[in-house]
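The structure appears below as structure tokens.
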Amino acid sequence: MVMSPDLPFVIAQVQINQDQKAEADLLNKQGMQQCQAGQCEAAIQSLQQALNIYREIKDLLSEGNTLGNLGKTYESLGKYDEAIASHTKSLEIAQEIGDRRGEAESQINLGVVYRALGNYAKAIAYHERSLVITREIGDRRREGSSLGNLGMNYYAQGDYPKAIDYHQQRLVIAREINDRQGEGNAMGNLGNAYRSQGNYAKAIEFQEKRLAITREIKEIRGEGQALGFLGLVYRALGDYPKSIDYYKQSLAIAIKINDRLSRAKSLGYLGNAYYDLGNYNEAIKYHQSSLEAAQEISDRRGEGKSLGYLGNAYEALGNFDKAISYYESSLKIAQEVNDRRGEGKTLGSLGTAYYELGDYAKAIDYHKSGLEIARKIKNRDGERVALSNIGLTLEKQNQSDLSIVFYKQSVNVSESIRKDIRNLDQDIQKSYIGSVEGSYRRLADLLLKQGRVMEALQILDLLKVQELEEYLKNIKGSDRTAQGVRILEPERAISDQLKTISFEQSAEINRQLANQIQQLPKSEINRVPDYLQKIPLKTVLLYPLILDDRLEIILFSPNTLPISRTVKISKAKLETLISEFRVGHRDFSSEDVKVPAAELYDLLIKPIEIELKQAKAQTILYAPDGQLRYVPLAAIYDGKQWLVEKYRISNLIAYSLSDFSMKQKKSPNILAGAFGGKEGEKKFGQIALPATIKEVQAIANTFQNSVTLTEANFSRQAIESRLKNHNILHLATHAEFNIGVPDNSFIIFGSGDKIRLNEITDWQIPNVDLIILSACQTGLVSLGSGVEILGFGYQVQKAGARNAITSLWSVNDVGTGLLMTAFYGELQKENVAIAESLRRSQIALIKSKDYNHPYFWSAFFAIGNGL
């Protein structure tokens with residue numbers, strides 16, 4: 001055999017190619033290590049050198065992989081255009097050589113970049129394509145990655161249920177293929193989604209599981225992330241010391257492994273926690289360090305965020321000039337890196353700073369610019385913030401008619417997105433001058449001052465929904481709430497001009513608008529929505545509104561226009577009266593209990609006595625505001641009678657969320673549980689309730705088809721396994737509704753199990769007509785806004801139950817037993833509704849010799865859909 005004269009050259013060339021490939025592989029690996037160490041600029045040089053060698057030796061597979069690594073590095077630096085170009089080229093190579101795995105990887109990488117840019121639709125499209133490919137080729141690891149990325153995109157859009165669904169699918173795959181890191185990542189993402197839903201117990205559970213996995217597999221970077229995410233949960237809970245502790249642990253890990261990006265983020269988290277604590281100087285220290293860390297690694301987006309946070313801190317200190325300087329620097333970077341969301345947010349921050357300085361013309365200009373961007377990029381949160389801030393600025397200039405237009409638009413944006421269960425991020429809330437809830441209150445105030453009572457009533461109803469959203473973070477609106485508040489024709493006509501009018505023109509336009517609205521018939525301004533026409537005759541809606549300087553009472557009855565009455569009493573004085581009322585009513589030895597009860601009657605009912613008589617009212621659907629939620633309306637006194645002796649009373653959550661369609665009354669089929677215990681003892685930190693056993697036995701004796709569970713047999717699992725078989729759930733046990741987050745409020749079972757307020761919706765109980773908590777307490781430490789009481793009613797309703805009866809303070813066992821015996825005696829009568837049964841049982845105690853003090857009977861109230 002004769003050797004070809006070219007063979008030595010070919011062999012030599014192969015050797016050269018192998019040597020070059022080895023060199024390129026080394027450079028590729030070096031580049032990735034450099035970027036992980038925070039040296040991403042140096043990493044780009046290494047990766048570019050590797051890329052040139054692969055191209056020279058025509059190694060397309062390695063070229064595509066390196067382009068992917070280069071894209072990830074550009075993304076770390078916030079250079080998203082370069083990242084997209086690299087990933088796109090990598091995708092083209094994979095498709096050219098038929099590398100389906102590489103094609104899927106490139107699709108995932110492109111999706112990640114577009115998510116960072118806020119282009120969720122495009123990101124989702126890439127991840128859905130990668131999901132199809134990974135399933136076709138059976139690549140379970142990348143299938144899990146695709147699912148996780150889809151979850152993160154839906155999380156970013158506020159669709160937390162969908163995000164949870166995708167992350168749970170990823171978790172299943174990770175466990176199936178024993179991908180412990182992927183399992184931990186899925187748990188961390190689930191924790192974030194549950195945190196955003198306000199389910200903090202579940203959020204902590206998942207983050208702690210992720211933390212345990214990272215420590216088990218020694219994934220130090222993931223450990224730091226899990227600690228940081230736990231810090232975010234405790235920040236949301238308002239436990240700032242614990243939040244700071246977790247952030248500091250996360251920071252220590254970032255420093256230890258030289259993860260400069262995570263170090264910058266942890267410093268920023270610490271700055272935010274100290275800001276929330278009101279320690280603005282400490283916040284500035286950490287945000288300054290975060291800024292320097294971001295500058296070290298050329299993270300322009302992170303640098304811009306830190307500058308904005310510094311602006312927030314200086315604004316809180318009243319140093320508006322310095323705040324504006326930081327905001328302007330932040331704005332410049334946002335524009336440079338094409339961060340449109342950040343740009344809009346910073347424009348809003350500049351607007352609030354100029355508002356505080358009294359430069360209203362500049363404030364409106366900045367807010368209008370922010371509004372324009374928010375609408376362009378479809379950032380609905382940013383849109384509602386900007387509209388509210390413009391409304392407030394115009395209100396400050398006494399341009400109330402124009403202010404109303406902007407407030408209405410802000411409210412309507414909020415209501416249109418509520419059906420997606422979107423919640424306002426803590427950092428976005430800083431852009432609000434005041435609060436979201438505050439914008440609803442200010443709008444109602446302005447409308448009432450103009451005699452526009454129907455619109456004000458609608459806003460007050462939506463205010464309840466907004467309060468619930470800020471508290472529970474799980475509120476899904478209805479078709480009614482999505483309608484928002486009606487825009488009057490003159491307001492609609494002027495809305496199109498608002499984009500172009502200057503601050504100088506606004507006063508004249510406000511005057512013209514005021515004239516046009518004044519010419520409208522009252523019946524047009526106060527037109528009653530169709531759903532309010534369905535209130536039964538002899539039933540009225542009563543909505544008080546607590547303002548700083550006065551109390552407004554709104555009354556609506558069928559076939560009439562709503563009316564409002566103004567009562568001159570300050571918020572502070574009213575709250576003092578409420579405290580005095582509660583002291584007397586919670587102490588059965590108190591003899592002057594009727595004095596504060598009569599004063600509250602004069603405030604709440606006396607101004608509308610005539611209208612109640614004209615409406616021939618028998619039922620009051622009551623939607624209390626603020627601390628009035630701690631007052632049972634039944635127990636206010638007209639000088640001769642308690643109000644419950646005159647009217648049937650049922651507390652509303654919000655009329656727009658209620659369904660008052662009549663349902664056929666069912667025969668009571670009761671599931672009852674008793675906490676029990678021995679007299680004078682404590683169980684699970686709670687006082688024993690021995691008479692609760694007699695209470696549920698009396699139910700069993702009266703209703704033969706009832707089921708009773710006592711003490712240790714009365715567990716959460718035992719109750720939940722039987723829920724679908726009964727239409728009344730009677731829990732004779734301790735429950736507490738406390739101020740703060742929903743996790744602070746709970747029901748405790750005889751076994752010591754607990755169900756927290758935000759878990760009640762896990763009970764799917766459309767068959768249940770009534771839930772009774774017969775030993776509940778509220779306001780144990782201090783009084784808040786009472787939203788925890790509203791929250792209980794909503795959670796019960798969302799779970800499917802139509803009504804609930806609970807108590808505002810714990811009544812002694814004997815008194816409770818007597819009232820409940822009377823209640824069930826009335827309930828089993830034909831055509832006696834729940835609210836009427838409660839009223840009759842309360843009157844029975846009023847007429848008794850030993851239990852006529854309001855302590856025994858007035859704590860109990862009905863809330864929900866019941867008449």
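The values are calculated or read from the model by the stated rules, or taken from the named source; none is laboratory data. What you see is a predicted model; the values in this text were computed from it and never measured. Please note: Cβ atoms are built from the backbone with ideal geometry, for glycine as well, and neighbour counts cover all protein chains shown. Calculation scope for accessible area: heavy atoms of the full protein, side chains included, ligands and nucleic acids excluded. Shrake-Rupley method; radii C 1.70, N 1.55, O 1.52, S 1.80 Å.
Could we say that Glu372 is assigned to a helix (DSSP H, G or I) and under 23 Å from Ala507 (Cα atoms) here?
Answer is yes for this residue.
So, in the range 663-688, exactly how many residues are out of contact with any strand residue (DSSP E or B) (no Cβ under 6 Å at 6 or more places or on another chain) and either in a strand (DSSP E or B) or farther than 19 Å from Asn803 by Cβ (or both)?
10
For Arg384, indicate whether it is surrounded by fewer than 24 Cβ atoms within 10 Å (Cβ to Cβ), in a helix (DSSP H, G or I) and not small (Gly, Ala, Ser). Let's see the steps before the verdict.
Numbers: surrounded by fewer than 24 Cβ atoms within 10 Å (Cβ to Cβ): no; in a helix (DSSP H, G or I): yes; not small (Gly, Ala, Ser): yes.
The answer is no for Arg384.
Going through Ser650, Ser656 one at a time, which residue ends up being of a type in the set (S, T, N, Q), open to solvent by less than 50 Å² (accessible area, probe 1.4 Å), more than 20 Å from Phe581 (Cβ to Cβ) and assigned to a strand (DSSP E or B)?
Ser650
Considering only the range 90-113, state which residues are buried (at least 18 other Cβ atoms within 10 Å of the Cβ) and in contact with a Leu (Cβ under 6 Å, 6 or more places away or on another chain).
Across the range 90-113, the qualifying residues are Ser90, Ile93, Ser106.
Which residue, of Ser785, Ser774, Ser810, is among the small types (Gly, Ala, Ser), farther than 30 Å from Lys849 by Cα and not in a helix (DSSP H, G or I)?
Exactly one residue qualifies, and that residue is Ser785.
Identify all residues within the range 473-508 that are among the aliphatic types (A, V, I, L, M), open to solvent by 20 Å² or more (accessible area, probe 1.4 Å), within 13 Å of Ile404 (Cα to Cα) and in contact with an Asp or Glu (Cβ under 9 Å, 6 or more places away or on another chain); write none if there are none.
Once the filter is applied, which keeps residues that are among the aliphatic types (A, V, I, L, M), open to solvent by 20 Å² or more (accessible area, probe 1.4 Å), within 13 Å of Ile404 (Cα to Cα) and in contact with an Asp or Glu (Cβ under 9 Å, 6 or more places away or on another chain), the range 473-508 yields nothing.
Can you pull out the residues in the range 203-230 that are among the hydrophobic types (A, V, I, L, M, F, W, C) and either surrounded by 21 or more Cβ atoms within 10 Å (Cβ to Cβ) or more than 17 Å from Ile244 (Cα to Cα) (or both)?
Ala203, Phe206, Leu211, Ala212, Ile213, Ile217, Ile220, Ala226, Leu227, Phe229, Leu230
Which condition does Lys345 not pass, out of (1) crowded, with 24+ Cβ neighbours inside 10 Å; (2) in contact with a helix residue (DSSP H, G or I) (Cβ under 6 Å, 6 or more places away or on another chain); (3) under 22 Å from Arg375 (Cβ atoms), if it passes all the others?
(2)
Going through Leu867, Leu845 one at a time, which residue ends up being surrounded by fewer than 23 Cβ atoms within 10 Å (Cβ to Cβ) and either of a type in the set (Ser, Thr, Tyr) or at pLDDT below 95 (or both)?
Every option except Leu867 fails the conditions.
For the condition at pLDDT 95 or above, open to solvent by 20 Å² or more (accessible area, probe 1.4 Å) and of a type in the set (Gly, Ala, Ser), what is the one hit in Ala252, Ala236?
Within the list Ala252, Ala236, the selection yields Ala252.
For Gly815, state whether it is closer than 13 Å to Ala859 by Cα and out of contact with any strand residue (DSSP E or B) (no Cβ under 8 Å at 6 or more places or on another chain).
Yes.
Given Gly786, Gly793, which one is touching a helix residue (DSSP H, G or I) at 6+ places or on another chain (Cβ under 6 Å) and crowded, with 19+ Cβ neighbours inside 10 Å? Break it down into steps so the answer makes sense when it comes.
On the way: Gly793 fails: touching a helix residue (DSSP H, G or I) at 6+ places or on another chain (Cβ under 6 Å).
Only one candidate passes the filter, namely Gly786.
For the range 479-531: of the residues being among the small types (Gly, Ala, Ser) and in a helix (DSSP H, G or I), which is modelled with the lowest pLDDT? Reasoning before the result, please.
From the range 479-531, those among the small types (Gly, Ala, Ser) are 482, 484, 493, 495, 502, 506-507, 514, 523; that's our starting set.
Now narrow it down to the ones that are in a helix (DSSP H, G or I): 482, 493, 495, 506-507, 514, 523.
Working: Ala482: 74, Ala493: 87, Ser495: 79, Ser506: 87, Ala507: 89, Ala514: 93, Ser523: 81.
Among those that are among the small types (Gly, Ala, Ser) and in a helix (DSSP H, G or I), it is Ala482.
In this structure, does Ala193 turn out to be part of a helix (DSSP H, G or I), free of Cβ contacts under 8 Å to residues at least 12 places away in the same chain and among the aliphatic types (A, V, I, L, M)?
no
Do we find a residue being in contact with a helix residue (DSSP H, G or I) (Cβ under 6 Å, 6 or more places away or on another chain) and open to solvent by 60 Å² or more (accessible area, probe 1.4 Å) anywhere in the range 358-369?
Yes, the conditions are met somewhere in the range 358-369.
Within the range 327-338, track down each residue that is open to solvent by 40 Å² or more (accessible area, probe 1.4 Å) and over 13 Å from Arg301 (Cβ atoms).
Matches in the range 327-338: Glu328, Ser329.
Confirm whether Arg135 is within 36 Å of the chain's Cα centre (by Cα) and under 22 Å from Ala156 (Cβ atoms).
no
If the requirement is being open to solvent by 10 Å² or more (accessible area, probe 1.4 Å), in contact (Cβ under 8 Å) with a residue 60 or more places away in the chain, closer than 25 Å to Ser196 by Cα and not in a helix (DSSP H, G or I), which of these qualifies: Gly752, Gly740?
Going through Gly752, Gly740 in turn, just one is open to solvent by 10 Å² or more (accessible area, probe 1.4 Å), in contact (Cβ under 8 Å) with a residue 60 or more places away in the chain, closer than 25 Å to Ser196 by Cα and not in a helix (DSSP H, G or I): Gly740.
When the range 1-38 is examined, which residues are found to be over 30 Å from Ala293 (Cβ atoms), at pLDDT 70 or above and among the aliphatic types (A, V, I, L, M)? Spell out how you get there, then give the answer.
First, the residues of the range 1-38 that are over 30 Å from Ala293 (Cβ atoms): 1-25.
Add one more test, that the residue is at pLDDT 70 or above, and what stays is 17-25.
Result: Ala22, Ala24.
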